[in-house]
Amino acid sequence: MKQKLLVANVSDIDRRGSRKLKVGDVDIAIFRMTDGSILAVENKCPHKGGQLSEGMVCGTAVHCPLHDWKIDLRNGRVHEPDEGCVKTFPTEIDEQNGAIYVTV
Ligand code: FES
């Protein structure tokens, strides 16, 4: 069953910064992009499980901190020449108070 969870406030996350959280047994990384949008993906690199929340955001991708695979945060796809995909989660920002919701 899907749940919409209040996870943070935009003021808690710097641009190009991230937060991590755990919902049940799923680890999630939440990123604030340079344009202010919020994107959420599974916090586990498809290569060898690096924590993407520790990676550097560049454009719309995060660079895995372990071996520098690049993962597009909009669709979870790994950039070529590497292959793979991480799960993405829908996000919403309440424009009134900056609350961030993730649907898991
Ligand atoms: S674990 Fe992410 S690139 Fe190797």
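Taking segment 71-81 as the region of interest, how many residues are open to solvent by 60 Å² or more (accessible area, probe 1.4 Å) and not in a loop (DSSP other than H, G, I, E, B)?
1
Which residues, taken from segment 1-55, are over 15 Å from ALA99 (Cα atoms), small (Gly, Ala, Ser) and away from the ligand (no atom under 16 Å from the Cβ)?
Matches in segment 1-55: GLY17, GLY24.
Quick one: what pairs do we get from segment 12-24, first residue over 14 Å from VAL62 (Cβ atoms), second of a type in the set (S, T, N, Q), C-beta under 8 Å, 6+ apart or different chains?
Filtered contacts from segment 12-24: VAL23/GLN3.
Yes or no: segment 82-93 includes at least one residue that is away from the ligand (no atom under 11 Å from the Cβ), modelled with pLDDT of 95 or more, within 11 Å of the chain's Cα centre (by Cα) and open to solvent by 60 Å² or more (accessible area, probe 1.4 Å). Explain how you work it out, then say what you get.
Step one: of segment 82-93, the residues away from the ligand (no atom under 11 Å from the Cβ) are 83, 85, 87-93.
Keeping just the survivors that are modelled with pLDDT of 95 or more gives 83, 85, 87-93.
Still in the running and within 11 Å of the chain's Cα centre (by Cα): 87-91.
Filter once more, keeping what is open to solvent by 60 Å² or more (accessible area, probe 1.4 Å): 87, 90.
Scanning segment 82-93 turns up at least one residue that is away from the ligand (no atom under 11 Å from the Cβ), modelled with pLDDT of 95 or more, within 11 Å of the chain's Cα centre (by Cα) and open to solvent by 60 Å² or more (accessible area, probe 1.4 Å).
Can you pull out the residues in segment 94-104 that are open to solvent by 30 Å² or more (accessible area, probe 1.4 Å) and over 15 Å from ILE28 (Cα atoms)?
Listed by number, the residues that qualify are ASP94, GLU95, GLN96, ASN97.
Which is in a loop (DSSP other than H, G, I, E, B) and crowded, with 17+ Cβ neighbours inside 10 Å, of GLY50, GLY36? Steps first, answer last, please.
Details: GLY36 fails: crowded, with 17+ Cβ neighbours inside 10 Å.
The match here is GLY50.
The values are calculated or read from the model by the stated rules, or taken from the named source; none is laboratory data. The structure presented is a predicted model; accordingly, all values stated were derived computationally and were not measured. Every residue, glycine among them, receives a Cβ derived from its backbone with ideal geometry; neighbour counts consider all protein chains shown. Accessible surface is based on the protein model in full, side chains and every heavy atom, while ligands, DNA and RNA are left aside. Shrake-Rupley method; radii C 1.70, N 1.55, O 1.52, S 1.80 Å.
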